[in-house]
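**Student:** Quick one: structure below, then a few questions.
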Amino acid sequence: MDSMRPTTPLIAAAMFVTGVQHAVPQNYPNPFRAVHDWAKPPAGREMGRVGDVEVDPDGKHIWAIVRCDPTVSHGRECTDSALDPIIKFDPDGYPIKSFGGGMFVWPHGMDIDPDGNIWVTDAIRKEWTPPGKRGHQVVNFSPEGKVLMRLGTPGVPGNDISHFNSPADVVVAKNGDVFVTDGHAAESNNRVVKFSKDGRYIKEWGGTGYAPGQIRLPHTIAIDGHGRVFVGGRENARTQIFDQDGNHLATWRQFGRPRGITFDNKGMIYVADSTSDDGRNPSFAYGIRIGDSKSGWIRAFIQFPWGDPRANRVHGAEWVAVDDERNLFGGEPYPRNIQKYVRVMP
């Protein structure tokens with residue numbers, strides 16, 4: 001398989017920037033050891049399907065979206081539930097705080113801003129929107145669960161400056177600007193919407209398509225240490241890089257079908273891919289790909305051993321977070337788990 005790799009990082013970077021697709025070898029090292037059964041659900045509660053996971057500003061505690069009722073069909077687990085879907089876990093995996101009960105239909109993406117406030121998207125599909133003031137919004141909470149701001153019009157899908165249609169994820173820049181990926185469906189809005197710290201609409205970019213800058217299902221968004229905006233287009237099977245004004249900088253395909261993106265304090269990028277093996281991206285396997293965030297050169301790979309494309313559902317981590325010690329946490333809708341990985345190699 002080594003013959004499939006570019007001979008130098010310079011050639012590799014050129015290939016990645018131009019977006020040339022190539023089969024990706026799976027024989028990368030795995031510098032992590034899985035720690036099973038790390039996360040414990042709140043007392044008296046069954047673990048639900050897990051959405052986004054994020055690390056608290058202290059670098060140790062983990063915030064996670066744990067959806068409410070695992071017996072309800074995927075995509076609307078909190079419709080008729082008062083359970084809190086936003087849970088904070090201590091370093092040993094025990095829940096110590098929760099909130100957000102009765103406020104969401106399908107809590108999906110999350111970010112922690114520089115002030116420690118929590119932002120959560122409600123990515124309910126348009127056809128599943130129940131009556132009331134939930135869905136198609138982004139809610140900003142204090143660390144104690146107080147609502148500080150809402151973006152979008154709750155319960156009303158749309159495509160203008162005050163409406164979303166199934167917003168998938170959110171990220172907050174160091175200056176407080178807010179970026180929302182809007183469109184958890186291949187033929188939805190498929191855009192990135194930028195707001196100021198006080199919630200004022202600034203601009204948007206994207207649109208449905210395959211051209212540079214266009215998106216098909218922008219499932220995840222993240223900002224690296226250089227301020228670049230990374231958008232994972234799941235249906236396009238590519239990660240696109242923009243500046244914060246929406247100018248397209250690069251397209252990377254070597255990370256598979258991105259569902260979750262994060263960065264560590266050493267300049268590495270982590271991309272969770274839990275749908276490639278289902279026939280839509282057959283040269284890639286389920287797993288978390290780890291690479292240099294500047295060049296895009298892949299350095300390591302955690303393959304999900306239980307991934308079975310015949311089951312036709314998400315397996316393993318859909319989201320990924322990394323703490324200050326560079327340990328990983330994968331948010332898994334199936335098998336309803338927060339999977340911890342301890343780093344055992346440099």
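Conditions tested, residue by residue: (1) buried (at least 20 other Cβ atoms within 10 Å of the Cβ); (2) touching a helix residue (DSSP H, G or I) at 6+ places or on another chain (Cβ under 8 Å); (3) outside any loop (DSSP other than H, G, I, E, B).
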residue: W119; (1), (2), (3): yes, no, yes
residue: I124; (1), (2), (3): yes, no, no
residue: P131; (1), (2), (3): no, no, no
residue: V139; (1), (2), (3): yes, no, yes
residue: E144; (1), (2), (3): no, no, no
residue: L148; (1), (2), (3): no, no, yes
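**Student:** Kindly indicate whether Y210 is free of Cβ contacts under 8 Å to residues at least 60 places away in the same chain, farther than 18 Å from G109 by Cα and among the aromatic types (F, W, Y). Walk me through it before giving the result.
**Tutor:** Details: free of Cβ contacts under 8 Å to residues at least 60 places away in the same chain: yes; farther than 18 Å from G109 by Cα: yes; among the aromatic types (F, W, Y): yes.
Taking the combined requirement at face value, the residue satisfies it.
**Student:** Then there's this: Could you look through the range 226-237, keep only residues that are modelled with pLDDT of 95 or more and over 14 Å from the mean Cα position of the chain (by Cα), and pick out the one that is surrounded by the most Cβ atoms within 10 Å (Cβ to Cβ)?
**Tutor:** R228
**Student:** Do we have A64 as assigned to a strand (DSSP E or B), surrounded by fewer than 21 Cβ atoms within 10 Å (Cβ to Cβ) and among the aliphatic types (A, V, I, L, M) here?
**Tutor:** Considered against the rule, which asks whether it is assigned to a strand (DSSP E or B), surrounded by fewer than 21 Cβ atoms within 10 Å (Cβ to Cβ) and among the aliphatic types (A, V, I, L, M), A64 comes out as no.
**Student:** So S166 ticks every box in (1) within 24 Å of G132 (Cβ to Cβ); (2) surrounded by 24 or more Cβ atoms within 10 Å (Cβ to Cβ); (3) in contact with a Leu (Cβ under 8 Å, 6 or more places away or on another chain) but one. Which box is left unticked?
**Tutor:** Only one criterion is unmet by S166, namely (3).
**Student:** Still on this structure, I have one more. P29 passes all but one of (1) at pLDDT below 95; (2) assigned to a strand (DSSP E or B); (3) not acidic (D, E); which number fails?
**Tutor:** P29 satisfies every listed condition except (2).
**Student:** What number of residues within the range 188-213 satisfy the criterion of being crowded, with 18+ Cβ neighbours inside 10 Å and outside any strand (DSSP E or B)?
**Tutor:** So the answer is 3.
**Student:** For the range 266-305, give me the residue count where each residue is outside any loop (DSSP other than H, G, I, E, B) and at pLDDT below 80.
**Tutor:** Final tally of qualifying residues: 3.
**Student:** A follow-up question, please. When only residues in the range 150-161 that are aliphatic (A, V, I, L, M) and part of a loop (DSSP other than H, G, I, E, B) count, which is surrounded by the fewest Cβ atoms within 10 Å (Cβ to Cβ)?
**Tutor:** I161
**Student:** Still on this model: Take the conditions at positive phi and in a loop (DSSP other than H, G, I, E, B) and apply them to G101. Does it pass?
**Tutor:** No.
**Student:** Sticking with this structure for a sec: Within the range 59-82, count every residue that is in contact (Cβ under 8 Å) with a residue 60 or more places away in the chain and farther than 16 Å from F104 by Cβ.
**Tutor:** The qualifying residues number 3.
**Student:** Between residues in the range 114-138 that are closer than 19 Å to T181 by Cα and free of Cβ contacts under 8 Å to residues at least 60 places away in the same chain and residues that are in a loop (DSSP other than H, G, I, E, B) and basic (K, R), which pairs lie under 8 Å by C-beta distance while being six or more apart or on different chains?
**Tutor:** Between residues of the range 114-138 that are closer than 19 Å to T181 by Cα and free of Cβ contacts under 8 Å to residues at least 60 places away in the same chain and residues that are in a loop (DSSP other than H, G, I, E, B) and basic (K, R), the close pairs are D122/R134; I124/R76; I124/R134.
**Student:** May I ask you to list the residues in the range 220-265 that are assigned to a loop (DSSP other than H, G, I, E, B), in contact with a Phe, Trp or Tyr (Cβ under 6 Å, 6 or more places away or on another chain) and among the small types (G, A, S)?
**Tutor:** G246, G256, listed by residue number.
**Student:** Sticking with this structure for a sec: Within the range 77-90, identify whether any single residue is out of contact with any His (no Cβ under 7 Å at 6 or more places or on another chain), among the basic types (K, R) and surrounded by 15 or more Cβ atoms within 10 Å (Cβ to Cβ), and answer yes or no.
**Tutor:** no
**Student:** Tell me, which residue of the range 281-294 that is closer than 23 Å to V192 by Cβ and out of contact with any strand residue (DSSP E or B) (no Cβ under 6 Å at 6 or more places or on another chain) is surrounded by the most Cβ atoms within 10 Å (Cβ to Cβ)?
**Tutor:** So, considering only residues that are closer than 23 Å to V192 by Cβ and out of contact with any strand residue (DSSP E or B) (no Cβ under 6 Å at 6 or more places or on another chain), the one surrounded by the most Cβ atoms within 10 Å (Cβ to Cβ) is N281.
The values are calculated or read from the model by the stated rules, or taken from the named source; none is laboratory data. Remember, predicted model here, so these are calculated numbers, not experimental data. Quick reminder, even Gly has a Cβ in these numbers, built from the backbone with ideal geometry, and neighbours come from all protein chains shown.
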